Amino acid sequence: MRYVSTRGRAPELGFDDVLLTGLAPDGGLYLPAAWPQLSRAEIAALAGLDYASLAARIMAPFVKGSVLEPDLAALAREAYAGFTHPAVAPLAQIGANHWLVELFHGPTLAFKDYALQVVGLMFERVLKARGQRTTIVGATSGDTGSAAIEATKDRAAVDIFIMHPAGRTSDVQRRQMTTVTAANVHNIAIKGTFDDCQDLVKAMFADQAFRAEFNLSAANSINWARIMAQVVYYFWAALHVGAPHRAVAFSVPTGNFGNVFAGYVAARMGLPVAKFAVGSNSNDILTRYFETGAMTKNGVVPTLSPSMDIQISSNFERLLFDYLGRDAAAVIRLMDSLKQSGAYTVAAGAHGDMLKMFEGFRLDDDGTKRVIGEVYRATGRLIDPHTAVGVHAARAAQLDPATPRLTLATAHPAKFPAAVKAATGVEPPLPAALAGLFERPERFTTLPNDLDQVKAFVREHARQL
Ligand SMILES: *Cc1c(COP(=O)(O)O)cnc(C)c1O
């Protein structure tokens, strides 16, 4: 499989290079040159596979030509072997025609494990085959950092540096990162905001000499490999409620648009999807976009669902590229406008086409607590604040009542105990994966929001390349 950049000015690459590169050198995001196609009969034949086998089948066309191709099935088995539920991603029914897809049975209890456990192994194997090493640098407001650290700790070919905003992540989220004391893991608390952390990462990638010296890679959802691994659970969940013989609807609590874009990929591959309900918290840039066709940047406000507190959804660029007929020049014009004026408007035709498949919803913190309470009283289940935003979107979506609604449950309620307790009066018990979290020693370095000092820290701690 060949990959192209949304900005059209970067070389086409194969899967292994796309995995290691992350952001394309022209500032764009990579995606496949063509969407693999599965017929209805081929999709029907996937029913009954276990999760890891399905993962290998769905990912196979994307890694064609990669050194990973021959051992993909074994890699997928290894990636999901440590998940704590035998189904890996079990479905739980919460309404007459409404299911949660539980994506929190991996080591860090959020859906990012479902991709990063695969991607961590892929990094190790590809680098080993090439006799190379890499340095992953990333910024996190919480869940990405811990999932990336769990996926790469102790891997011989990888050093990982994760920056989080000092004092601005939850205790559980911070400890999930800082109690991993493997020699190749480096947590940096930046005296600043999440946006400051992200700007530091971008600046390190923009410094071509530094990028080359440390062979920098990214673990955030601009990396195509993450999106690819997330496509799997869309097929998985839909097959369990009657696809491909009937269309299903997905509701996705959304931040950077990576997760819901993976669903779009599944649909482009042939999975019958009636709708994607895109759930946002009060940081509702996507909801406003779907309502108006204008993408307009605002400030970020902190909410009960911090992993969706975003200013702009970076993966939306991939959707734009596809809906604009893969016209890279048109994408560049919109991205320039965003940079210069903080806004762009999508032509009515393309925006209208998106509305056939996507509908945007928002839920503020009061609504989030209300939904957590309602679901608890109706079903006895505790859901996390991100999942609550998804449940709201699934309920509000305009759909044929016969269409199954699948809400992605993106985090375990125990990751956000304060919000869950405020909504229900019940403290979610810490699952086994987190037992002892508050007793283990933490290790992190606090640095000012200063690029030179962060670079010096990386230079000092990255193992010899
Ligand atoms: C990362 C995250 C999201 C947002 O996912 P995107 O791919 O950025 O849209 C939602 N919920 C949880 C719990 C997350 O960790």
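The values are calculated or read from the model by the stated rules, or taken from the named source; none is laboratory data. Everything numeric here is computed off the predicted structure, so don't read it as measured data. Glycine also receives a Cβ, built like all others from the backbone with ideal geometry; neighbour counts cover every protein chain displayed.
Things to note:
- Residue identified as touching a strand residue (DSSP E or B) at 6+ places or on another chain (Cβ under 9 Å) and either in contact (Cβ under 8 Å) with a residue 24 or more places away in the chain or not in a helix (DSSP H, G or I) (or both) among Val88, Val101, Val67: Val101
- Residue among Ala74, Ala55, Ala47 that is part of a helix (DSSP H, G or I) and over 19 Å from the mean Cα position of the chain (by Cα): Ala74
- Scanning region 22-36 for residues that are surrounded by fewer than 21 Cβ atoms within 10 Å (Cβ to Cβ) and over 21 Å from Ile58 (Cα atoms) yields Pro25, Asp26, Gly27.
- A search for C-beta distances below 7 Å between a residue of region 300-317 that is among the small types (Gly, Ala, Ser) and any residue that is part of a helix (DSSP H, G or I), counting only pairs 6+ apart in sequence or on different chains, returns Ser305/Thr368; Ser305/Pro385; Ser305/His386; Ser305/Val389; Ser307/Asp143; Ser307/His386; Ser313/Ile285; Ser313/Leu286.
- Taken over region 385-402, residues that are in contact with a Phe, Trp or Tyr (Cβ under 6 Å, 6 or more places away or on another chain) and within 14 Å of the ligand (Cβ to nearest atom) amount to 2.
- Qualifying residue in region 280-296 (condition: under 21 Å from Ile372 (Cα atoms), free of Cβ contacts under 8 Å to residues at least 40 places away in the same chain and touching a helix residue (DSSP H, G or I) at 6+ places or on another chain (Cβ under 7 Å)): yes
- Qualifying residues in region 291-312 (those that are polar (S, T, N, Q) and within 18 Å of the chain's Cα centre (by Cα)) - the one nearest to the ligand (Cβ to nearest atom): Ser307
- Options Asp171, Asp159: the member that is acidic (Asp, Glu) and modelled with pLDDT under 95: Asp171
- Hey, His186 of a type outside the set (S, T, N, Q), surrounded by 19 or more Cβ atoms within 10 Å (Cβ to Cβ), part of a strand (DSSP E or B) and within 16 Å of the ligand (Cβ to nearest atom) or not: no
- Test result for Leu109, of a type outside the set (S, T, N, Q) and either within 16 Å of the ligand (Cβ to nearest atom) or in contact with a strand residue (DSSP E or B) (Cβ under 7 Å, 6 or more places away or on another chain) (or both): yes
- Counted residues, region 121-165 - those being assigned to a strand (DSSP E or B) and hydroxyl-bearing (Ser, Thr, Tyr): 2
- Candidate set from region 218-248 (those that are surrounded by fewer than 23 Cβ atoms within 10 Å (Cβ to Cβ), more than 17 Å from Ala55 (Cβ to Cβ) and modelled with pLDDT of 95 or more); member that is farthest from the ligand (Cβ to nearest atom): His245
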